[in-house]
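The values are calculated or read from the model by the stated rules, or taken from the named source; none is laboratory data. Model, not experiment: these values are computed from the prediction. Methodologically, a virtual Cβ is constructed for each residue, glycine included, from the backbone with ideal geometry; neighbour enumeration extends over all protein chains shown. These area figures cover heavy atoms from the full protein model, side chains too; ligands, DNA and RNA do not enter into them. Shrake-Rupley method; radii C 1.70, N 1.55, O 1.52, S 1.80 Å.
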Amino acid sequence: MALDNEAAKAEIIKFCEEKSKSKSKFYFNDFTKLFPDEKARAVKKLLTELVQEEKMVFWSSGSTTMYGLAGAGKQAASEGEA
Amino acid sequence: MAKHKTPMLDQLESGPWPSFVSDIKQEADSRAKNEKGLDYQIPVDCPDDLLGVLEMSYEDGETHWKHGGIVGVFGYGGGVIGRYCDQPEKFPGVAHFHTVRVAQPNGKWYNSQLLRSLCDIWELRGSGLTNMHGATGDIVFLGTTTPQLEEIFWELTHDLDIDLGGSGSNLRTPATCLGQSRCEYACYDTQELCYNLTQEYQDELHRPAFPYKFKFKFDGCPNGCVAAIARSDLSFIGTWKDEIKIDQEAVAAYVGGEIAPNAGAHADRDWGAFDIQKEVVDLCPSKCISYDGKLTIDNKECVRCMHCINTMPQALRVGDERGCTILCGAKAPILDGPQMGSLLVPFMEVNKDDDYQEIKDLIENIWDWWMEEGKNRERIGETMKRLGMSALIDAAGVPVDARQVQEPRHNPYIFWKAEDVKGGWDRDINEFRTRHQR
């Protein structure tokens, strides 16, 4: 089944919003679970598009990377940045 | 005059080795003087504050750094590691002290102009402190603020033609030895393969989708100058299939003292006459060399330790049928202790003509399996141990080979499937149970 890009992206955003009370960051494979029939690389392309559209952001600890909604969770500004 | 008192750090300078404390103080002085008249883009005293926060950590016995965050350059999921000080009022110069990883040139072939340009960017837009190089091989720029990141990225990519490296759950910057650019032992063109795979997997390098980090390293021969076998999730080590080439005349010249052993590397001291029996034959780990006026090698017993070739490079040369051995799963001791790579493919041709398709197929099979089966923050070496070597071999689509067994009887339980065995078999489980109780 070919993935309907816009619908799939909406599903990703909905998933993040639903969890936003308890979580602001997600592992990549939280998203692959949403689309069990899709290859991981197809899901990555969607996430990349969402980052390009500035709807989602990467969060990195240096060793591990996660994805989150833009503006969710602790922001650079709260670390005292202008 | 130092901004903070740092008695414990000062003590570190008294040892016999060069000290990073002296280096940081030197940079602090240089920034304070500002002889070049630079318009520093981040606080001028950040090296002083770095020393201050380090001294404080020594006093308290705990770190004052927080790491991680939404810093990076647009569209990249790696290359920048956010770092913040949890005492920003005391040490405003390092309140934000992000690390930038920059991809090193292939085989670390720098010219001085590139080094100068890198330093110029970093003096202006960062702390001036670098780490050449990180464990993965990247150039590491230590300490800058968020507004500088895009500027640094633009200058690196546009002026110097150099990219950010990998960090996070990505393919990390691939690393290679000097290979055929300098070395006669190189069994394949390591730099070409490294460059090709780096370009092919740009998306994996910059957009994280793996359970955890993943490293490639390329060694041209089993001497392993980039230590691929110990440090990379997938190591490509040059090897040969046929026989070590022997020039008996040159062997005689080594024995007769006409050619210095080890290419003269130990010639600064008189070690006495070269003794081929003691220095080569007796040191062969698989005892496959003998010398009775003529050197003989039992090639099928050779374990590629490289000692005889390294000792007598003019007499012995690697074979002609060259390629690479691929090992999987090496890692440092974050969990479970350190682990060396396990042999996955004993020999694979490194074929530029088909754009290394066989190697790329193998890599993608392994990634698909690990992305599916790997837990979050699990290196492939851990997935391999958890699910078994045979699961990896199966997923990689490579033939089972006796050489994949680490040592005999390490694990005697091999479960064959009917389709693995010629002719297969039929078994009626109920009939079996009439003879064997549960």
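The table that follows gives values for the structure above.
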| item | result |
| --- | --- |
| Residue satisfying all of: in segment A:33-62; facing another protein chain (nearest Cβ under 9 Å) and open to solvent by 30 Å² or more (accessible area, probe 1.4 Å); farthest from B:H98 (Cα to Cα) among these | A:K39 |
| Pick from segment A:14-28, criterion part of a helix (DSSP H, G or I) and open to solvent by 30 Å² or more (accessible area, probe 1.4 Å), ranking: farthest from A:V57 (Cα to Cα) | A:E18 |
| Qualifying residues in segment B:128-145 (those that are touching a residue at least 24 places away in the same chain (Cβ under 8 Å) and open to solvent by 40 Å² or more (accessible area, probe 1.4 Å)) - the one farthest from B:V44 (Cα to Cα) | B:A135 |
| Identity of the residue in segment B:366-402, more than 23 Å from the chain's Cα centre (by Cα) and buried (at least 18 other Cβ atoms within 10 Å of the Cβ), that ends up farthest from B:G329 (Cα to Cα) | B:V398 |
| Helices (runs of 4 or more DSSP H) contained entirely in segment B:146-223, each with at least 1 residues that are within 17 Å of the chain's Cα centre (by Cα), aliphatic (A, V, I, L, M) and under 15 Å from B:N106 (Cβ atoms) | B:190-200, B:202-206 |
| Spans of helices (runs of 4 or more DSSP H) in segment B:343-438 with at least 2 residues in contact (Cβ under 8 Å) with a residue 40 or more places away in the chain and over 28 Å from B:K241 (Cα atoms) | B:357-373, B:380-387 |
| Residue that is more than 27 Å from B:I380 (Cα to Cα), away from chain A (no Cβ under 14 Å), out of contact with any Ser or Thr (no Cβ under 6 Å at 6 or more places or on another chain) and not hydroxyl-bearing (S, T, Y), where the choices are B:I152, B:I139 | B:I152 |
| Residue match in segment B:220-235 (condition: on the phi < 0 side of the Ramachandran plot, in contact with an Asp or Glu (Cβ under 7 Å, 6 or more places away or on another chain) and open to solvent by 10 Å² or more (accessible area, probe 1.4 Å)) | yes |
| Every pair of residues 6+ apart whose Cβ atoms lie under 8 Å, when the first sits in segment B:107-127 and is of a type in the set (D, E, K, R) while the second is assigned to a helix (DSSP H, G or I) and surrounded by fewer than 16 Cβ atoms within 10 Å (Cβ to Cβ) | B:R125/B:E151 |
| Residue in segment B:155-165 that is away from chain A (no Cβ under 14 Å) and under 30 Å from A:A42 (Cβ atoms) present | yes |
| Residue that is more than 14 Å from chain A (Cβ to nearest Cβ) and farther than 17 Å from B:K352 by Cα, where the choices are B:L178, B:L197 | B:L178 |
| Among (1) within 14 Å of another protein chain (Cβ to nearest Cβ); (2) within 17 Å of B:T130 (Cβ to Cβ); (3) of a type outside the set (S, T, Y), the one test that B:D23 misses | (1) |
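Residue-wise test of (1) in contact with a His (Cβ under 9 Å, 6 or more places away or on another chain); (2) at pLDDT below 95; (3) open to solvent by less than 60 Å² (accessible area, probe 1.4 Å).
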site: B:I297; (1), (2), (3): no, no, yes
site: B:R304; (1), (2), (3): no, no, yes
site: B:T311; (1), (2), (3): no, no, yes
site: B:E321; (1), (2), (3): no, no, no
site: B:T325; (1), (2), (3): no, no, yes
site: B:K352; (1), (2), (3): no, yes, no
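Every residue, every condition in (1) under 14 Å from B:I244 (Cα atoms); (2) surrounded by 13 or more Cβ atoms within 10 Å (Cβ to Cβ), yes or no:
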{"residue": "B:G257", "(1), (2)": "no, no"}
{"residue": "B:N262", "(1), (2)": "no, yes"}
{"residue": "B:A265", "(1), (2)": "no, no"}
{"residue": "B:D268", "(1), (2)": "no, no"}
{"residue": "B:V280", "(1), (2)": "no, yes"}
{"residue": "B:I289", "(1), (2)": "yes, yes"}
{"residue": "B:D292", "(1), (2)": "no, no"}
